[in-house]
Amino acid sequence: MNMFDPKHWRGCEGILDHLHEFLNQRELAPADVEDIRRHLKECPPCGDRVQFEERLLERLKESDPCQCPERLRSRIKSLLDLG
Ligand SMILES: [Zn+2]
């Protein structure tokens, strides 16, 4: 069964539905990725949307996700040591 019927890619809705799969490069066949890329080139609103999401993901990656949990863990550890 093909969930990603190629004709759906032509519509903006289909693109935005699979935006996260596209950005994460997951669960999409190379041909599907190609179809999305082609749509983004021909459709500025979708291109802008994807660029926005991409920048958001980049910023999330740049901020250190380990810092908070690490600090929290050592704090919990010190609390346990005290108890
Ligand atoms: Zn579009």
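The values are calculated or read from the model by the stated rules, or taken from the named source; none is laboratory data. The model shown is predicted, which means the values in this text are computed figures rather than measured ones. Note that we place each Cβ from the backbone using ideal geometry, even for glycine, and neighbour counts take in every protein chain shown.
Worth pointing out:
- All positions within region 10-19 that are in contact (Cβ under 8 Å) with a residue 12 or more places away in the chain and in a helix (DSSP H, G or I): 12, 15, 16, 19
- Scanning region 42-61 for residues that are loosely packed, with under 15 Cβ neighbours inside 10 Å, within 10 Å of the ligand (Cβ to nearest atom) and not acidic (Asp, Glu) yields 44, 45.
- Screening region 11-26 for residues that are exposed (fewer than 15 other Cβ atoms within 10 Å of the Cβ) and not aliphatic (A, V, I, L, M) and picking the one that is modelled with the highest pLDDT gives 12.
- Residue-level check: of (1) loosely packed, with under 14 Cβ neighbours inside 10 Å; (2) touching a helix residue (DSSP H, G or I) at 6+ places or on another chain (Cβ under 9 Å); (3) among the aliphatic types (A, V, I, L, M), residue 29 misses just (2).
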